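The values are calculated or read from the model by the stated rules, or taken from the named source; none is laboratory data. What you see is a predicted model, and the numbers here were worked out from it, not measured in a lab. Here the Cβ positions follow ideal geometry from the backbone for every residue, glycine too, while neighbour counts run over all protein chains shown. Accessible surface areas use protein heavy atoms only, side chains included; no ligands, DNA or RNA. Shrake-Rupley method; radii C 1.70, N 1.55, O 1.52, S 1.80 Å.
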Amino acid sequence: MIKKTLILFTVLLLGNYALKAQTVNEQNHKIHIKKIARPIKIDGILDEIEWQKAEATTPFNQVFPYDTSLAIMQTQAKIMFDENYLYYSFVVYQPRQYRVTSLKRDYPHGGTTDLVTVNLDTFKDKQNGFHFSVNPYGVQREALVSNGSEVTNDWDNKWTTSVKNYDDRWVVECAIPFKILRYKLKENGINEWNINFFRNNLLLNERSSWTKMPRSARGNDLAFGGTLVWDDAPPKPDLNITLIPYLIGTTTSDYINEKPTLNTANVGFDAKVSLTPSLNLDLTVNPDFSQVEVDRQVTNLSRFELLFPERRQFFIENNDLFGSFGSSQINPFFSRRIGIARASNSYIEDSNGDGRIDTTSYSKTDGVPILAGLRLSGKIDNNWRVGFLSMQTRAKEILLTSKHGINVPQANYSVFALQRKVMTASNIAFIFANKQNVFQDEKSYIGNIPSVSDFHRIVGVDFNHSSKDGYWSNKIFIHKAFTPQNVGQQEAAGVLINHQSPRYTLESNTSYVGKNFTAEIGYVPRQDFVRNASSGFINFFPKNPRISQHLNSWGLGVDWDYVVRQSDGLNTDWDGTPLIISLKFRNNSSIRFSPYRNDYTYLFSNFDPTNTGGKVLKAGTSYNYFSSRLFYQSNTNKLFYYNFQARIGDYFNGKIKAFGGSSNYRLIPYALISLDLNYSNIVLPTGFNSTTLWLISPRAEITFSKSLFFTTFVQYNNQANNVNINSRLQWRFKPVSDLFIVYTDNYFATDTESVYNLGYLGSKSRALVIKFNYWLNM
């Protein structure tokens with residue numbers, strides 16, 4: 001299977017280079033940037049003579065709902081610079097009817113906010129860049145762009161914005177310090193960057209761009225940028241040193257383990273040092289991430305560990321250098337492994353008090369203190385990127401119950417990544433990831449999940465290919481693990497093919513994981529398999545005006561996911577559907593329907609299909625079951641918008657009815673109120689654990705102003721037997737400087753096991769955190 005897919009990949013790779021290169025935008029969309037002699041006052045009023053002389057963009061092109069005409073509501077952008085700042089402005093024509101998520105900085109991506117954006121590809125590699133966005137109320141969002149179009153919101157820096165609102169337009173004026181940008185100065189010759197200006201207009205449900213972009217493209221897709229021509233060279237990049245100290249006070253109560261209330265205070269800092277214009281050193285000492293919002297819980301009906309996203313800012317910048325190797329299911333390095341341990345233990349106890357012996361298992365995920373760390377990342381030149389990460393954690397005992405615990409040893413996590421640009425927008429990348437445990441007493445540390453090895457290492461090579469037209473993104477990778485046991489079959493490999501165009505969508509992932517391949521600081525939920533997961537879609541665009549005024553496109557597709565155990569060729573998993581129907585409406589709503597989906601599962605270990613501790617289905621048995629699935633997303637431009645999903649049919653040896661959705665209401669611009677609800681009714685034969693699972697998550701995000709935010713998030717999950725309350729008040733008293741007050745409480749959602757004796761809604765733990773951090777430019 002892998003051999004055939006490699007052949008297919010090679011044919012596609014060679015074939016798509018015959019496609020027309022995406023150089024039309026660079027040639028036909030050029031804007032010149034001129035140097036000015038004095039600083040500009042950022043007040044949203046473009047009355048300086050310098051703005052009158054600055055070159056303006058040509059009319060914006062519509063990207064959605066169509067990509068063949070000019071935008072209905074136009075936008076004009078200008079750009080210029082002085083020795084310290086890059087200035088840009090927008091004049092955005094629109095009546096004073098705005099749609100925004102809130103007044104909070106770094107509002108989410110996804111088309112739920114009116115905004116204008118500039119994307120800067122300073123090295124013209126079409127892979128990495130900077131994203132700066134502003135909404136009609138002057139709220140900022142800055143982000144890094146990696147892998148051509150992927151955006152991470154957790155990069156913070158200081159820049160200045162002002163917006164003026166009029167009855168027929170809103171005007172944006174911005175200044176970006178050169179010292180927060182990474183670029184290479186060309187001493188001789190003309191300096192050029194790639195640039196694009198983008199707009200989201202929810203009043204008309206229109207997306208538009210300065211350059212021409214297909215409607216299937218994302219607004220941050222660097223493949224479709226135009227050219228920024230520097231008539232005068234940009235300033236020589238200056239040394240930039242930033243120090244971010246913090247002070248924190250915490251009070252915690254652990255009721256499960258019967259520990260007294262603990263009051264602590266702590267200090268630490270982060271530092272950012274620009275070693276070269278494009279190479280950055282980040283340091284952290286005694287970091288604390290208590291202000292980071294809790295994970296969104298999910299109902300887990302799978303047999304494998306779930307993946308939750310990284311939210312800690314230190315690990316975000318240039319994370320694509322370290323975290324984009326392999327695939328979503330075969331990742332040699334996942335930064336959330338650092339500072340978080342999942343401990344488990346099984347033992348025999350007389351839990352009944354009458355001489356009957358029970359085997360009891362407990363597991364728990366808990367934080368492990370990080371002593372310090374550093375990250376070196378960035379570009380060496382136009383072709384080479386490098387990254388090095390090293391983190392040191394303390395030893396810690398994780399209490400599973402008041403009587404039982406497990407010790408996690410000290411550990412050093414180190415990752416080295418090197419990336420070489422090839423062709424127009426492709427690269428070859430190398431990774432070395434290592435976890436080194438430090439055992440103070442070999443006998444006392446009985447468990448460091450998932451192993452107690454002295455070390456665990458992975459080396460790997462990835463080839464990431466992106467076509468010149470921006471439609472193809474493909475990958476080949478091979479990784480090798482090394483452990484003290486030195487056993488065989490510790491390899492993983494894969495071939496990924498992805499094509500996204502307005503007409504066709506194709507995805508195919510063929511992967512192999514050896515029987516003994518593990519990734520102790522990565523994410524590989526299962527071993528010993530060969531897998532092919534593929535999907536294909538063809539989209540149709542109605543030409544009849546009576547239809548096209550309502551329906552933007554409709555499509556037909558298929559998908560499948562086929563897994564074979566590598567060691568003996570046994571088919572262990574299969575799911576697929578011969579027909580997927582997709583409808584996308586002009587008002588931004590959509591429907592996706594799979595009337596017939598077939599699942600097959602061979603259990604290679606015992607499994608409770610409810611994941612609630614009920615009677616298990618025995619290893620060695622197989623199940624073939626069918627279901628229908630539906631997903632609907634309403635118009636996200638409205639003040640009230642929602643989505644709904646349903647699954648009805650067979651489930652292993654029983655039946656399932658699962659419904660879920662999310663509803664949201666905007667009180668523009670001060671609040672976003674939402675409710676996530678998931679219901680799963682699983683009916684199994686007599687003797688098994690039929691159950692009804694609820695996951696209810698109300699959330700309120702209130703922005704009193706552009707500097708004061710309050711969020712409360714409640715999660716009721718009876719599968720995890722947990723009710724979580726997380727409330728966070730954030731005061732941004734200066735740019736990128738904050739005061740956080742965070743309250744977290746956890747309760748039992750159902751009657752608890754006898755080992756706890758805390759009862760229904762008994763409190764598990766409680767914490768109050770006050771954290772102060774301050775951004776200092778040195």
| remark: Amide H contacts under 5 Å for residue 671, restricted to residues at least 5 apart in sequence or on another chain and with H modeled in the peptide plane, are 703
| message | Given Cβ point charges of +1 (Lys, Arg) and -1 (Asp, Glu) and nothing else, what value in debye, to the nearest 20, does the dipole of segment 651-778 about its Cα centre take? | response | 400
| Solvent-accessible surface ranking, highest first, for 499, 550 at 1.4 angstrom | 550, 499
| For the chain, size of Cβ-based charge dipole, Lys and Arg +1, Asp and Glu -1, in debye | 1440
| message | If you wrap a convex hull around the alpha carbons of segment 609-702, what volume per residue comes out, as a whole number of Å³? | response | 102
| said: From Cα pairs below 8 angstrom and at least 6 apart in sequence, can you work out the relative contact order of segment 486-640, rounded to a whole percent? | reply: 15
| task | Apply the Karplus parameterisation 6.51 cos²θ - 1.76 cosθ + 1.60, with θ equal to phi minus 60°, to every residue of segment 549-555 and state each ³J(HN,Hα) to the nearest whole Hz, in sequence, with x for glycine and proline. | result | 6, 10, 10, 6, 7, 9, x
| request: Using the Cα centre as the reference, give the magnitude of the dipole from point charges on the C-beta atoms of segment 534-624 (Lys, Arg: +1; Asp, Glu: -1; all else neutral), rounded to the nearest 20 debye. | output: 580
| By the scheme Lys and Arg +1, Asp and Glu -1, what is the net charge of all other residues having a beta-carbon under 15 Å from that of residue 633? | +4
| task | Normalising by the residue count of the chain, find the relative contact order in percent from Cα pairs under 8 Å and 6+ residues apart. | result | 10
| Using the Cβ atoms and a cut-off under 14 Å, what net charge is assigned to the surroundings of residue 548, where Lys and Arg are +1 and Asp and Glu are -1? | +4
| residue 384 accessible area, 1.4 Å probe, all protein chains in place, Å² to nearest 10 | 90
| query | So how do 139, 564 rank on accessible area, 1.4 Å probe, biggest first, that is with the largest at the start? | reply | 564, 139
| query | How large is ³J(HN,Hα), in whole Hz, for each residue of segment 766-778 in order, when computed from phi with the Karplus curve 6.51 cos²θ - 1.76 cosθ + 1.60 and θ = phi - 60°, using x for Gly and Pro? | reply | 8, 8, 10, 10, 10, 10, 10, 10, 9, 8, 10, 8, 8
| said: Net charge around residue 77, counting only other residues with Cβ within less than 12 Å of its Cβ (Lys, Arg = +1; Asp, Glu = -1)? | reply: 0
| field | Crossing angle, helix 2-15 versus the chain [Cα axis fit, 0-90 degrees, rounded to tens] | value | 0
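In segment 145-201, which trypsin sites (Lys or Arg not before Pro) are in a loop and have at most 12 other Cβ atoms within 10 Å, using DSSP for the loop call?
none
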| Scattering from the C-alpha atoms of segment 174-326 alone, worked out with Debye: what is log10 I(q)/I(0) at q = 0.17 1/Å? | -1.27
| Net lengthening on full extension, residue 659/residue 638 (0.36 nm per residue, minus Cα-Cα) | 5.3 nm
| field | Computed E for residue 166/residue 37 - FRET, C-beta separation, R0 30 angstrom, nearest 0.05 | value | 0.55
| request: Have a look at 62, 659, 570 and report the one farthest towards the positive end of the charge dipole of the chain, computed about the Cα centre with Cβ charges (Lys/Arg +1, Asp/Glu -1). | output: 62
| message | Please list 3J(HN,Hα) in residue order for segment 613-628, calculated via the Karplus relation 6.51 cos²θ - 1.76 cosθ + 1.60 where θ = phi - 60°; whole Hz, with x for glycine and proline. | response | x, x, 4, 8, 7, 6, 4, x, 9, 10, 9, 10, 8, 10, 7, 10
| Using the heavy atoms of the protein chains alone and a 1.4 angstrom probe, what is the accessible area of the chain per residue in square angstrom? | 43
| field | For residue 43, residues with placed amide H under 5 Å, excluding near neighbours | value | none
| task | Take the solvent-accessible surface of the protein heavy atoms, probe 1.4 Å, and return the percent of it on segment 154-289 that carbon and sulfur atoms account for. | result | 52
